[in-house]
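Read through the structure below, which is laid out as structure tokens, and then see the notes.
The values are calculated or read from the model by the stated rules, or taken from the named source; none is laboratory data. The structure displayed is predicted, hence computed values, not measured ones. Every residue, glycine among them, receives a Cβ derived from its backbone with ideal geometry; neighbour counts consider all protein chains shown. Please note that ligands, DNA and RNA were not included when accessible areas were found on the heavy atoms of the full protein model with its side chains. Shrake-Rupley method; radii C 1.70, N 1.55, O 1.52, S 1.80 Å.
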Amino acid sequence: MTLATAYAVAAPDGRFEKTTVERRKLGPDDVLIDVKFAGICHSDIHTARNEWQGTSYPCVPGHEIAGIVAAVGSHVTGFAVGDRVGVGCLVDSCGECENCLVGSQQYCSRGATWTYNHKVPEAVQDGGITMGGYSTQIVVTQGFVVSIPDGIALEQAAPLLCAGITLFSPLRHWNAGPGKRVAIIGMGGLGHIGVKIAAALGAEVTVLSQSLSKQDDGLRFGAHHYFATADETTFRTLRGHFDLIINTVSAELPMTKYISLLKLDGTLVVVGMPPEPMLIPAPSLIGARRSVAGSLIGGLPQTQEMLNFCADHGIGAEIEVIAADRIDEAYDRVLRSDIRYRFVIDTATF
Ligand code: NAP
Ligand code: ZN
């Protein structure tokens, strides 16, 4: 057993406090990781503040984890002490269902185990609830650990473990590439990495942001066009324009207006998860055989593929590294979209 220092919230309106969590004794398939950096995903905020309901307290969020292997179990083959590694949103799955067998562990039909706020046996995590990466150490079974290529700094890699794969996976699934017009709605933590990846895949990339305040950044990240959605002419100009739109927005949006931007057979993929249900009028789809789809992070093989792709294309997250005593302030700033573009907690400050 290892005692790790962590930061937890005790209630939906609580502030982050320093605490300790017990990490399980290293099993034969386990990897003990010294967490160096943990990104702050908007999902951490939804969960810590119980916006999706069902949060267990105390809650230690964090599923954008980058660190160094500190110890390995006797059956671990792919990792050695000192390796640069990452852990994302998942720490286990059944490994036997048809989805797990094709490497789509996030869609495990028996339910994958989430990195934090997930009920597990006491033997897996003391307290019976998984505790995430806002922590100095974590123990994860080897199949849920990925290698961080040397080309990416650990702090810039951390956000790729959730934000990166959440955009890479649908961009690949819906064949973003040369000749495809792709729009990213919302240029926040997820969106800005989506712009970089879509551009690197060769697509014609458009950002649909609330205002033009981040336009220079968007174009620097590889976008070809940048429009403000507060300007109604945007929706007239781009009507019927896109093959693929990825909606990363954490709040409710007027879906009909965005769906109208899809051309014949176009698809709008929802990855943002506001607590409110979406209203989608049937004619908005029927009128041009359009689809609305959803996508959840990505499986372990694709997460490794994404990290390798990002290293090959010089892609990392744009980050602001913070000390642990600034997590509450960072949450408030994410809610005000006052971050360029991802907060990353430096665990050396624990
Ligand atoms: P974020 O950094 O806060 O970015 C969200 C962006 O959405 C903002 O930067 C802003 O972009 C835009 N936005 C925010 N409020 C808006 C509003 N009221 N109207 C219009 N646009 C608004 O959040 P994130 O970490 O990227 O996460 C985004 C969402 O994805 C969250 O709901 C999160 O839970 C979800 N998520 C889903 C998955 C998955 O697997 N599907 C994985 C991770 C996260 P502009 O300023 O450019 O408009
Ligand atoms: Zn996330």
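How much accessible area per residue does the chain have, counting only protein heavy atoms and a probe of 1.4 Å, in square angstrom?
Values: 14310 Å² over 350 residues.
The answer is 41 Å² per residue.
Could you please state, rounded to a whole Å, how far the C-alpha centre of the stretch 100-127 is from the C-alpha centre of the stretch 245-294?
Cα centres, the stretch 100-127 to the stretch 245-294: 29 Å.
In sequence order, what are the phi-derived ³J(HN,Hα) couplings for the stretch 35-46 according to the Karplus relation 6.51 cos²θ - 1.76 cosθ + 1.60 with θ = phi - 60°, rounded to whole Hz, with x for glycine and proline?
Rounded to whole hertz, the list is 6, 9, 9, 10, x, 9, 8, 4, 5, 4, 6, 3.
Take the Cβ-Cβ distance between Lys119 and Ala251 as r, set R0 to 30 Å, and report the resulting FRET efficiency rounded to the nearest 0.05.
Computed FRET efficiency for Lys119 and Ala251: 0.60.
Quick one: if you stick a label point 7 Å off each Cα along the C-beta vector at Arg336 and Ser109, how many nm between them?
With each label placed 7 Å out from Cα toward Cβ, I get 4.9 nm.
Give me the extension gain from Asp231 to Arg15: residue separation times 0.36 nm, minus the current Cα-Cα distance, reported in nm with one decimal. Mind dumping the intermediate values first?
Values: separation 216, 0.36 × 216 = 77.76 nm, distance 3.71 nm.
Once the chain is fully extended between Asp231 and Arg15, it gains 74.1 nm.
Please return the longest range in the chain lying between exposed loop sites, taking GluC sites (Glu not before Pro), DSSP loop only, at most 14 other beta-carbon atoms within 10 Å, and leaving the sites out.
On the way: sites that count: Glu96, Glu122, Glu232, Glu252.
The longest such stretch corresponds to 123-231.
Please list, by residue number, everything in the stretch 83-124 whose backbone N is under 14 Å from a paramagnetic label point 7 Å out along Cα→Cβ of Thr2.
Within reach of a label on Thr2, which here means backbone N under 14 Å from a point 7 Å along Cα→Cβ, the stretch 83-124 contributes 83-87.
Using 0.36 nm per residue, how much length does the chain from Thr77 to Glu51 gain when fully extended, once their Cα-Cα distance is taken away? Intermediate results must be reported in sequence, preceding the final value.
Values: separation 26, 0.36 × 26 = 9.36 nm, distance 3.95 nm.
Working it through step by step, the gained length comes to 5.4 nm.
By how many nm would the segment from Asp126 to Leu279 grow when fully extended, if each residue of separation counts as 0.36 nm and the alpha-carbon distance is taken off?
Computed gain between Asp126 and Leu279 is 51.0 nm.
Cα extents of the chain along the three principal axes, largest first, in whole Å?
Between the extreme Cα coordinates on each principal axis of the chain lie 60, 40, 36 Å.
Which listed residue (Ala183, His241, Ile193) has the Cα farthest towards the positive end of the charge dipole for the stretch 164-294, taking +1 on Lys and Arg C-beta and -1 on Asp and Glu C-beta about the Cα centre?
So the residue we want is His241.
Spin-label point model (7 Å from Cα, Cβ direction): what's the Leu296 to Ser147 distance in nm?
Simple spin-label model gives 2.9 nm for this pair.
Check every DSSP H run in the chain and write down those whose alpha carbon atoms cover 15 angstrom or more along the long axis and whose mean Kyte-Doolittle hydropathy is 0.0 or greater. Could the numbers behind the result be given before it?
Details: long enough: 163-173 (16 Å, 0.50); 189-200 (17 Å, 1.18); 300-312 (18 Å, -0.25).
Span-like helices in the chain: 163-173, 189-200.
Count the DSSP beta bridges whose two residues both fall in the chain, then state the antiparallel fraction as a percent rounded to the nearest 5.
Restricted to the chain, the bridges split so that about 55 percent are antiparallel.
Tabulate in residue order the Karplus-calculated ³J(HN,Hα) for the stretch 130-144, using 6.51 cos²θ - 1.76 cosθ + 1.60 with θ = phi - 60°, rounded to whole Hz; enter x for Gly and Pro.
Here the 3J(HN,Hα) series is 5, 10, x, x, 6, 6, 7, 9, 8, 10, 9, 5, 4, x, 10 Hz.
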